[in-house]
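In what follows, a structure is listed as structure tokens, so that the remarks can point back to it.
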Amino acid sequence: MRGTRKYQHVIETPDPGKWELAGYEESLPISEKSNPMTRELDKADPSQLVQLLRDCDAEIFQEEDENLIHYHRLYSESVLKTMGDVAKRVQEVLKNPDDSLVVLSGCGTSGRLALLLANSFNGLLKGLHKTPCYCYIMSGGDRSIVTSQESSEDNPQLGAQELEKVCEGKKNVLFIGISCGLSAPFIAGQLDFCMRHLDVYLPVLVGFNPVSMARNERIEGWHSSFRQVAERLQTLHDSQKGFILNPAVGPEGVSGSSRMKGGSATKILLETLLLVAHKAESNVPVTEKCLLEILRTYERAHKVTYSQSKKIAALMKQTATSLQKKGHLYILGWGTLGLVGIMDAVECVPTYQADWRDVRGFITGGYHSIENKEGDLSSLGPQFSISHEDFVKNVLPSVSETDTVLLIFTLDDDLNQIEKLVALVKEKTSNIQVICHATAGQYLPNSLKKTIPSIIGLTWPILFLEYEGAFIQKFQRELSTKWILDTVTSGAYTLRGKIFRNFMVDFKINNSKLFHRATSVLQRLTGQSQQRCTEVLLQSIYGEQTLSEQIRNTTIAGHVEAAASQDKVLPVAIVSLLRSCTIQDSRSRINSSLSIRSAIESSMNVPGRKRGAEDSESR
């Protein structure tokens, strides 16, 4: 078991991987590297998929290894010190809530987590009869809760405007900008705004790359790159006028999919430091020991979660079967576990170019439970209907045996209501699964147990802690649910052929980050130059073999806009490059293949094709 002199790990973390060696995919930031552990993810069966993704999640808790390249990890003394310093500044806000604010901001998954965390800690304060002082910002607004709005991520000016608007009249604002890859222009604009108004704002950047790996291309229509903004923020660190929290947690199990490990690490890091700040406000000093005690509870959550690996694999297999048969996965959750379900469902759309109907999340109480700023959005269309009532009224009538319904609840929720819902669902499909969270000593009633064929039961120890400490169990359950859903949906889409090796190869190119990622994946799979890969990517976006000067001179933002209405852009480009065939021929081959993965794999084996760097490495 690995550990430091100060701290012993709860779980066995994998030995440091190849990604930590100097020179491994050195042109790529950690968040975009391919994890050597999951190099053959696409060939794994459900049980192996769960094991591989479990080990990737464990890397969050891995400590530094002096024999390898020096990346600061979550348990590094420098990271723990910065967490403590930020916690002390949060404490100052808590003492003067009328004039002060803690703002959490992010794009996509990070924005949804900002909402979840802001509501959790406002709830903690309300329970103590104190003034709520947390606020969230999501690029794309509240529509981003239930739909993918990734294009707004590219607008730094909009980010600054949104921040200024929510902070109007405040004298002391602690701003936490979350960008897992240190790349989102929306967050760069907010950090820049903070640094121009340090009399009011304390900027904190959260991400999982070293600053030297932050995106360095100048943001279109703006004066700077993200790296330049991060470097300016870094200079404020010693004077404590700004902070960067960027431990390395390793590459994602599915390369670049920061909804997974990046999202989990964000939740762990921020909840830990904010809980310590609240404990400190109750006259418990901020110490490294306090931070470590809470971090250890998240390690326990990992252990409890993956003790159910066999049942998680069964749920993954059932979900993949439903999706393969053109069925659906419907996730019905209670309380914040419902919001975690909605988050996972929404993230499948851009990640795997899934239809929004494929995986859908519903929450008891709908928007009232979410407590979002813009209120009930269900009038915007069926995609925005997220309550259990919406499911029963509008979705359940069309549910069939090809569909899977997953219920997520705790034994403190309304079990009579759950039992009635199970009875309704059983009339339509026998594919009912449950994730049930219990505290030690609680048991699922036999009446409910008999009606549900498959139950992932997670039992948590009783925590004899003060009021703030009781929130730890809520956070553990949310994280555990997130880990299970990330694993199930990522694994299901892998089984469906949406992953090649461990690369996403069919994602929506709907912002500049994803345009650059698509070019990078093309280079790595084909061994072609960046210029050639960009050219073929544009051919795939526009459906034209010969690119006009107008297309060549279009900005990346223009290419992203054009790509938004197209499907299979990246796989078409990959096959076209591998086979040296036209875009039209490539699209035809993909459409006639069993899966995107099989189309790419058969193209890799074309006689006479030159091997790329990725091929040589894999043999």
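The values are calculated or read from the model by the stated rules, or taken from the named source; none is laboratory data. Computed from a predicted structure; not experimentally measured. Cβ: placed from backbone, ideal geometry, glycine included. Neighbour counts: every protein chain shown. Surface areas here come from the heavy atoms of the whole protein model, side chains and all, with no ligands, DNA or RNA. Shrake-Rupley method; radii C 1.70, N 1.55, O 1.52, S 1.80 Å.
Placing +1 on the Cβ of every Lys and Arg and -1 on the Cβ of every Asp and Glu, with nothing else charged, gives the chain a dipole about its Cα centre of roughly 1100 debye. Taking the square roots of five times each eigenvalue of the Cα gyration tensor of region 47-201, the equivalent ellipsoid has semi-axes of 28, 21, 18 Å, listed largest first.
With both labels modelled 7 Å from their Cα along Cα-to-Cβ, the Leu380 to Glu217 distance reads 2.7 nm.
Stretching the chain fully between Glu549 and Ser454 yields a gain of 28.4 nm (0.36 nm per residue, less the alpha carbon separation). Diffusion coefficient of region 226-290 by Stokes-Einstein, Kirkwood radius over Cα pairs, 25 °C, 0.890 mPa s: 173 µm²/s. The value obtained for the chain, namely the Cα convex hull volume divided by the number of residues, is 149 Å³ per residue. Here the chain carries DSSP beta bridges of which approximately 5% are antiparallel, counting only pairs with both residues inside. On the principal axes of its alpha-carbon atoms, region 180-318 has extents of 51, 43, 20 Å, going from largest to smallest. A DSSP coil position with no more than 16 other Cβ atoms inside 10 Å describes the following GluC sites (Glu not before Pro) in region 431-538: Glu466.
Judged by the mean number of other Cβ atoms found within 10 Å, the most tightly packed of the peptides 545-558, 214-227, 177-190, 573-586 leads the ranking 177-190, 573-586, 214-227, 545-558. Modelled label positions at Gln157 and Thr402, each set 7 Å beyond Cα in the direction of Cβ, lie 4.7 nm from each other. Residue separation of Leu594 and Glu561 scaled by 0.36 nm, minus their Cα-Cα distance, works out to 9.0 nm of gained length. According to the calculation over all Cα-Cα pairs in region 112-263, the P(r) per 5 Å bin from zero is 2, 9, 17, 21, 22, 17, 8, 3, 1, 0 %.
Here is the list for region 29-68: GluC sites (Glu not before Pro) lying in DSSP coil, each with at most 16 other C-beta atoms within 10 angstrom of its C-beta, are Glu40, Glu63, Glu66. Give me the percent of Cα-Cα pairs in region 331-433 that sit more than 21 Å apart, rounded to a whole number. Of all Cα-Cα pairs in region 331-433, 31 percent lie more than 21 Å apart. Measuring with a 1.4 angstrom probe and ignoring ligands and nucleic acids, Thr235 comes out at about 110 Å² accessible. Positive end of the dipole of region 231-287, charges at C-beta (+1 Lys, Arg; -1 Asp, Glu), about the Cα centre: which of Thr235, Ser258, Leu274 has its Cα farthest in that direction? Positive-end residue among those listed: Ser258. Pairs from the list Lys393/Lys450; Lys326/Lys513; Lys126/Lys311; Lys317/Lys508 with a Cα-Cα gap above 32 Å: Lys126/Lys311.
Ranking Thr321, Leu380, Val349 by Cα position along the charge dipole of region 314-381, where only Lys, Arg, Asp and Glu carry charges on their C-beta atoms, puts Thr321 farthest toward the positive end. By the Cα gyration tensor, region 1-124 has an equivalent ellipsoid whose semi-axes, rounded to whole angstrom, run 33, 20, 15 from largest to smallest.
With the helix formula -39500 (n - 2.57) applied to DSSP H stretches of n ≥ 4, the chain reaches a computed 222 nm mean residue ellipticity of -14500 deg cm²/dmol. Kirkwood hydrodynamic radius of region 102-182, from the reciprocal of the average inverse Cα-Cα distance over all distinct pairs: 13.1 Å. Gain on full extension, evaluated as 0.36 nm per residue between Gln51 and Asn446 minus their Cα-Cα distance, stands at 139.1 nm.
The residue list Gln539, Ser520, Gln550 was ranked by how far each Cα lies along the charge dipole of region 517-561 toward its positive end, using unit charges on Cβ atoms, and Ser520 comes out on top.
Here is the tail figure for region 396-538: Cα pairs spaced more than 28 Å apart come to 45 percent of all pairs. Each of Glu288 and Val200 was given a label point 7 Å from its Cα along the Cα-to-Cβ line. The distance between the two points is 3.7 nm. Pairs exceeding 29 Å between alpha-carbon atoms, taken from Lys171/Lys261; Lys303/Lys449; Lys33/Lys279; Lys81/Lys498: Lys171/Lys261; Lys33/Lys279; Lys81/Lys498. When the inverse distances between all different Cα atoms of region 25-90 are averaged and flipped, the Kirkwood radius reads 14.4 angstrom. When only Cα pairs below 8 angstrom with a gap of at least 6 residues are kept, the chain shows a relative contact order of 14 percent.
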